[in-house]
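The next block holds one structure in the form of structure tokens; read it before the comments.
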Amino acid sequence: MRTLLVIFALITVAITPPFMAAQKVDLTVDVSKAGAKIDRNIFGQFAEHLGHGVYEGIWVGPGSPIPNTRGIRNDVVAALKAIKAPNVRWPGGCFADEYHWRKGIGSQRPETLNPNWGGVIEPNTFGTHEFMDFLDQIGAEAYLSVNVGSGTPQEAAEWLEYLTTAQPTALAKERAANGHPAPYKIAYLGIGNESWDCGGNMTPDYYLSQLKIYSRFVRNFNPAQQDKQRMLKIAVGPGGGEPRFTEWTEAVMKAYQNHQWSWDIDGLSLHSYTVVRWPPAFASVGFGEKEYSQILKSTLEMEGLVSKYSAMMDKYDPQKKVALVVDEWGAWYAPLPGSNPGFLVQQNSLRDAILAALNLNIFIRHADRVRMANIAQMINVLQAMILTDKEKMVLTPTYYAYKMYAPFQDATFVPVTFNAGVYTQGEITLPRVDAIAAKDSAGRVWVEITNVDPNQPVEIEVSLVGITPKSAAGETLTAPKVDSVNSFEASNTVVPKPISAKVQGGKLALKLEPKSVTVISVEQ
Ligand code: AHR
């Protein structure tokens, strides 16, 4: 009887329409229509003095047995070069508004405190020169956040003079004595961080008066940056969708519209984390499909925020001179059990790679206004690219998503139309598929397609207007489970694998695995 039941069950499985039947999605990529340039800075990074983000993550010191160049980990440098990290925001975050740069130069570095993040000792061994050396090693540009909360305009102005002047001033001589005679290039300057909260709890009016002073006096003197390579100044903007942030954004943008020659801004920041509720309660590993869909639903709120603030900025800046700079975003989960809660340590799963792709696609679709974004944070903190443990290093699923997206840096957006379909989990309904496309400077077309559905594959048929495709191939990132991670012991669970498309009647056909991120390039 038991045998019969098993046979019956097997036959039923065989004749039932397959559970894994692929959904079909038609996608049209219109290569004849060029949109905005996808600024490479959308793929920017953020490194705060927080937990092991800098110390151990980047800096191990020249005497460390961990292979390093002037104290900076070689493995981390190689990994960041491979994703072409375009810029790094530093030294914070909330830390920036308590950072005094003089403590991080020269041979005598005092030990100070890091009250924001665990109250630990800040050794100041990683300071200005070490940060600039690190950037040089990875080939990225500097995005410095100056201290508006507890510093002074003079302190910030002197930091910039120290960094950038070519004249033989006392500060330039001090820079040379500390090992760098040539002026540094500082590409981006953040004037404060979350000044409506940890950066000093300022009102919009109070912040505006500070912004004008810092914008006026914190000058970049580098002779190579007086024209085209001008340092871009980024003001503190909203931190979510609450009414107080509407008021804040209105105030800054209205002031910008009426600004005089003596001050200016080039960017307005937006901070928005995927957290669902505070304090962060979602687990970063060991979760199921319910939490997968809840987090992805929450992350898609980024679209509403970017649209809302872009529209507000259009009102005061129709020429789109001021960029919307999403310089803190990413998933913020509960701290890993046993970790210091002030260190914001979390695992990084396949869900995070999908979350990253969905957000990058939102930024890319708004590339005319969003010209920089910085995921929080680069190493060992929140939605990290890289996790380290002493001499060990592991690359996260989010890292691989960034690696796959590298061809989109500075490419030109081209429109994609498709009927996304839906994926439903309990009360939650999400678009099943997301996609973007771009053309690079060599004329190659790149298409990214995310299959959000964790259960069903998707058969995609791609029509390309304006080109005749010969072939298409690329990489796809998926894993057995939505919470699959790369660990120090098993570092290759979530890694990209090759994928190719069939060419049929001038169209491309490819099958996407459930819960996957895929990037293909099209040969014509
Ligand atoms: O990224 C962690 C913290 O989140 C930053 O220091 C702060 O700006 C934000 O609130």
Rounded accessible area per residue of the chain, 1.4 Å, Å²: 41
Theoretical ellipticity at 222 nm over the chain - DSSP helices of four or more residues, -39500 (n - 2.57) apiece, nearest 500: -8000 deg cm²/dmol
Among 297-309, 507-519, 376-388, the order from most to least packed when residues are scored by Cβ within 10 Å on average: 376-388, 507-519, 297-309
Rounded to 5, percent antiparallel among DSSP beta bridges of the chain: 60
Carbon/sulfur fraction of accessible area - segment 364-516, other protein chains in place, 1.4 Å, %: 49
Listed peptides 228-234, 174-180 by packing density, highest first (mean Cβ within 10 Å): 228-234, 174-180
Rg(Cα)/(2.2 N^0.38 Å) for segment 389-454, N = residue count: 1.48
Cross-link reach list, lysines versus Lys233, counting only Cα pairs under 21 Å and skipping chain neighbours closer than eight places: Lys37, Lys185, Lys212, Lys254, Lys315, Lys320, Lys321
Packing-based ranking, highest mean first, of 132-142, 318-328, 59-69 given that Cβ atoms within 10 Å are counted: 318-328, 132-142, 59-69
Bins of 20 Å, starting at 0 and running to the largest distance - Cα pair percent for the chain: 22, 54, 21, 3, 0
Eligible lysines near Lys507 by straight Cα distance, threshold 24 Å, same-chain separation 8 or greater: Lys24, Lys33, Lys439, Lys470, Lys497, Lys515
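The values are calculated or read from the model by the stated rules, or taken from the named source; none is laboratory data. Note that the structure is predicted; figures quoted are calculated from it, not measured. Neighbour counts are summed over all protein chains in view; Cβ atoms, including those assigned to glycine, are modelled from backbone coordinates with ideal geometry. Note: areas computed on protein heavy atoms with side chains; ligands, DNA, RNA excluded. Shrake-Rupley method; radii C 1.70, N 1.55, O 1.52, S 1.80 Å.
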